[in-house]
1. Within segment A:264-273, is even one residue of a type outside the set (Val, Ile, Thr), more than 14 Å from chain B (Cβ to nearest Cβ), open to solvent by 40 Å² or more (accessible area, probe 1.4 Å) and in contact with a helix residue (DSSP H, G or I) (Cβ under 8 Å, 6 or more places away or on another chain)?
2. Answer yes if at least one residue in segment B:68-75 is more than 10 Å from chain A (Cβ to nearest Cβ) and buried (at least 20 other Cβ atoms within 10 Å of the Cβ), and no otherwise.
3. Tell me, yes or no, whether segment B:24-33 has at least one residue that is facing chain A (nearest Cβ under 9 Å), open to solvent by 20 Å² or more (accessible area, probe 1.4 Å) and modelled with pLDDT of 95 or more.
4. Mind checking which residues of segment B:1-17 are within 14 Å of another protein chain (Cβ to nearest Cβ) and away from DNA strand D (no atom under 13 Å from the Cβ)?
5. So, in segment A:190-214, exactly how many residues are among the charged types (D, E, K, R) and open to solvent by less than 70 Å² (accessible area, probe 1.4 Å)?
6. In segment B:222-242, is there at least one residue being aromatic (Phe, Trp, Tyr) and touching a strand residue (DSSP E or B) at 6+ places or on another chain (Cβ under 9 Å)?
7. Just one of (1) more than 11 Å from DNA strand D (Cβ to nearest atom); (2) among the small types (Gly, Ala, Ser); (3) not in a helix (DSSP H, G or I) trips up B:GLY29, so point out which.
8. Output the residue which, of all residues in segment A:218-233 that are closer than 21 Å to A:VAL166 by Cα and within 14 Å of chain B (Cβ to nearest Cβ), is surrounded by the fewest Cβ atoms within 10 Å (Cβ to Cβ).
Number of protein chains: 2
Amino acid sequence: MSRSRPTIHDVAREARASIATVSRALNGGVVSAAALARIETAVARLGYRRNDVARGLVTGRSGLVGVVVPDLMGPLYAQMARGIEDVLDERGMHAMLVTDHLEPAAERRAIELLRGRQVDGLVLIGSRLPADALRAAVAGTPVAHVQRDGPDDGDPQVRLDDAAGVRAAVRHLLDAGHRRIGHIAGTRRDGLERRDAYLAAMAEAGLEPGPVEAGEFTEEGGEAAAERLLGQRDVTAVFCASDRMAVGLLHAARRRGLAVPDDVSVVGFDDLTWARYLHPPLTTVRQPGRDMGRAAARLVLESPFDAAVPILRVAPTLVVRGSSGPPSDPHVTGPAARAGAPSRR
Amino acid sequence: MSRSRPTIHDVAREARASIATVSRALNGGVVSAAALARIETAVARLGYRRNDVARGLVTGRSGLVGVVVPDLMGPLYAQMARGIEDVLDERGMHAMLVTDHLEPAAERRAIELLRGRQVDGLVLIGSRLPADALRAAVAGTPVAHVQRDGPDDGDPQVRLDDAAGVRAAVRHLLDAGHRRIGHIAGTRRDGLERRDAYLAAMAEAGLEPGPVEAGEFTEEGGEAAAERLLGQRDVTAVFCASDRMAVGLLHAARRRGLAVPDDVSVVGFDDLTWARYLHPPLTTVRQPGRDMGRAAARLVLESPFDAAVPILRVAPTLVVRGSSGPPSDPHVTGPAARAGAPSRR
DNA sequence: CGCATCGATGGAAACGTTTACAGTCTGTGT
DNA sequence: ACACAGACTGTAAACGTTTCCATCGATGCG
């Protein structure tokens, strides 16, 4: 009984109709009520299901949008993927996810794979491909980028308004009374943009920038940078380019016996799902991944219509939680004052 | 210049060969060196790329394994997906990910979609579909389950050895000297299995089970259950059915002014990526998601060969971190109480 | 010298659809 | 009674591959 899947021919025979009529019935063409009824029962009896591969071959479309994502384990990427699915769903389309693992070669392969599958569009998240390599790889397929990690060219793109987020974070610390604010910077494109925005925000407030330390976009990177940073005098607050780095900072602070936020305020960036469960809960800049994914999906599906919106900035929001507060005592604070006073156990 | 993609015919014309020869050259069949060279240059000149849709139509295979995953934002699911990709990669295949969002209807649709795409196999993660609905949906396609959330039937399946993990966790607390150990239980299938394993482990140690509270598999669920549990007398340790619930517990403990692990020890389950960054770092049972994904992928690809391994249990490992320690209260853990403790070090 | 063998090639038939086109009815206005 | 519209329906040609089969020289062997 494990016969191979029934085809449209089987349905046609069963329903005494031609395959053309069956096809029309299935796709909402003009068919007589009688034929439609026969076909429907035949479909049900046989358990027929359309073969989308064959269909794609003749129509030239697949109903698929290819998504290449750096890493599925990043909660932010997962949110973006979800956003893409949202808008694809309502159009009866689907996403096909492929991961490059931050390797440009894998990214190129992923694009090839997807195009071989006739995807109707491509959403590239955090793409590192140089403009020419990219153009060659995607050829005719419509493309939209999210938070592209490479130089811009004419392709439509959605990108966080990093500067606005950083400004909000720095303002928040300034408003709380901090004057000497350090920064832990990332090394990728958005890391650099955030660092520049930080410098600009400090300058705007008429303040000298605090110490800046760069590191990998990871907990370890953040911790290492924090070690260097917390050695400096007078720093009462630190703004991190990512939440992951912020947890590294939290650890380093704890090791040095610094209380957060009393001795040092911490602000992160991204608002990863678990940021609120840290101790203390992390004040951070929320990156609306799902919205960004939605926007990108719309962009890629509608790019032919208005070709004049190459870059779309979405606004982040500051989420104030427990890791930031007013400086306790500006002139006494600092590692020197409390050195060697770890209070735990 | 935006001509449509070159086909194998174009290559054949350009290389003065028949399409059959080109196809053979591309797929490693027998071709003369001269022809091969001509074809290769033609491919390069034209930028030809095989159309996998057409290919799939004739071969009946797609090189794709469909993966239906409850939710991309769960780090554990992402790890499993990664594991699947690992083994697919080394076979030149790819994963096609689709999410049901814990809705059985969406799960069924996802399976239909995937089968319409002619996937060569299906990996279902946390499937909730009843056996008959499932059987109807997958028809002839090979299937493997991961941590199926429904009754078993004959389908190959990989599943965590929940009982072993729970036993390790409970033993760990017992060895530390705890006697009154509470449990926060989950409601899904694995939650129930873990609860039963907890009860068994307590019985095995000759102890009465501590209070058990069930809740949703979320931070809020854990927090609510913890509120009920921490009111009880004498509880010096709590074992949670998941890390997410454990952070809820941590919060509830903090609110009540209970120190962890001094007043109450906490052990989680899963070892989600951020468990080590909590404060204190969470002692937990690590679920090797990536390995489970790998195992499932192998299972689905090789199921015809040995049909006799329907259920494969993978072993979790206990990761001891800062959230668990000996009970502080001296008179509860006197020598008498310790007498029955199986101490293995 | 004839015959089987072999390596390389091309022709053509699939694979399961959609869709342009050409029919076949039935009813209607003249 | 006739043409003609209109509503349905069927035939057949695509879509871009793989693969079976036949063909064709050339080579080796008896």
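1. no
2. Yes, the conditions are met somewhere in segment B:68-75.
3. No, the conditions are met nowhere in segment B:24-33.
4. B:MET1, B:SER2
5. The total comes to 4.
6. Looking for residues that are aromatic (Phe, Trp, Tyr) and touching a strand residue (DSSP E or B) at 6+ places or on another chain (Cβ under 9 Å), one finds at least one in segment B:222-242, hence yes.
7. Condition (1) is where B:GLY29 drops out.
8. Among those that are closer than 21 Å to A:VAL166 by Cα and within 14 Å of chain B (Cβ to nearest Cβ), it is A:THR218.
The values are calculated or read from the model by the stated rules, or taken from the named source; none is laboratory data. Since the structure is predicted, the reported quantities are computational estimates derived from the model, not experimental observations. Every residue, glycine as well, gets a Cβ built from its backbone with ideal geometry; the counts of neighbours run over all protein chains shown. Note: areas computed on protein heavy atoms with side chains; ligands, DNA, RNA excluded. Shrake-Rupley method; radii C 1.70, N 1.55, O 1.52, S 1.80 Å.
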